[in-house]
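Asker: Mind looking over this structure? Questions follow.
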Amino acid sequence: MSSTSRTTRLLEDVPATVIPAGTPATLAAGESVHIVQTLGGNVTVRGDHGLFRIAREHAGAIAGLDLDQLDREASAGALAAGGEFSAQAVWDALKGCFDPEIPVNIVDLGLIYDLDVEDLATGGRKIEVKMTLTAPGCGMGPVIAEDARQRVAALPGVTEAKVHIVWDPQWTPQMISEAGRKQLGIE
């Protein structure tokens, strides 16, 4: 996680997503926000009206945010555009995706249940991912799933990428990897 945790202000009106509802919102120019985390290229901020996720493409509206650092975090774990495809590259891409409330990637958080790589007769690969969320009904589910889908779809040789949200088995904290537990301080 970036050590950017601090209070700043917004330079312009910015589209955001309300956490955990997943509904769209607009934060007003001049509003004071506290940066909670900058992981996976997105920014989680706390404002007067709650917690919000600001996507990378709108992060320039946050005063004093290091966009170069944000871009480095966005590409962490991602395969370089000209690299070789492998199932491990898909896992690495998924490790660049974060729950906006928890500073652990979705793989180490134990949210990825299945990964299927299919070589297509027409060339390219179809990737299907089954993932869950830490809580049923979390409105951020579609946002997190789309982030994961985009990261997988950007890999070389991938022509189709789908991410399905499933609820069986139900997620429990025991599914967090050893690395994730260490990050959360719950060894």
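Asker: I'd like to verify a number: residues in the stretch 19-66 that are charged (D, E, K, R), touching a residue at least 60 places away in the same chain (Cβ under 8 Å) and assigned to a loop (DSSP other than H, G, I, E, B), how many?
Answerer: Summing the residues that are charged (D, E, K, R), touching a residue at least 60 places away in the same chain (Cβ under 8 Å) and assigned to a loop (DSSP other than H, G, I, E, B) in the stretch 19-66 gives 1.
Asker: Please pick out the residue among Asp99, Asp92, Asp108, Asp119 that is within 23 Å of Glu187 (Cβ to Cβ) and over 12 Å from the mean Cα position of the chain (by Cα).
Answerer: Just one listed residue meets the conditions, Asp108.
Asker: Surrounded by 13 or more Cβ atoms within 10 Å (Cβ to Cβ) and closer than 19 Å to Arg53 by Cβ: which single residue out of Arg149, Arg125, Arg181 fits that description?
Answerer: Values: Arg125 fails: closer than 19 Å to Arg53 by Cβ; Arg181 fails: closer than 19 Å to Arg53 by Cβ.
Of the residues listed, the single one that is surrounded by 13 or more Cβ atoms within 10 Å (Cβ to Cβ) and closer than 19 Å to Arg53 by Cβ is Arg149.
Asker: Residue check, Leu65 against (1) surrounded by 14 or more Cβ atoms within 10 Å (Cβ to Cβ); (2) touching a helix residue (DSSP H, G or I) at 6+ places or on another chain (Cβ under 9 Å); (3) farther than 24 Å from Val152 by Cβ; (4) modelled with pLDDT of 95 or more, all met but one. Which one?
Answerer: (4)
Asker: Take the conditions in a strand (DSSP E or B), among the aliphatic types (A, V, I, L, M) and either without any contact (Cβ under 8 Å) to a residue 60 or more places away in the chain or within 13 Å of Cys97 (Cα to Cα) (or both) and apply them to Val143. Does it pass?
Answerer: no
Asker: Taking the criterion of being buried (at least 16 other Cβ atoms within 10 Å of the Cβ) and within 18 Å of the chain's Cα centre (by Cα), would at least one residue in the stretch 23-34 satisfy it?
Answerer: no
Asker: Still on this structure, please answer the following. Can you name the condition, by its number, that Leu111 falls short on among (1) within 25 Å of Gly22 (Cβ to Cβ); (2) at pLDDT 95 or above; (3) touching a helix residue (DSSP H, G or I) at 6+ places or on another chain (Cβ under 6 Å)?
Answerer: Among (1) within 25 Å of Gly22 (Cβ to Cβ); (2) at pLDDT 95 or above; (3) touching a helix residue (DSSP H, G or I) at 6+ places or on another chain (Cβ under 6 Å), Leu111 violates only (3).
The values are calculated or read from the model by the stated rules, or taken from the named source; none is laboratory data. This one's a predicted model, so the numbers in the text were calculated from it and none came from an experiment. All Cβ positions, even for glycine, are placed from backbone atoms using ideal geometry, and neighbour counts span all protein chains on display.
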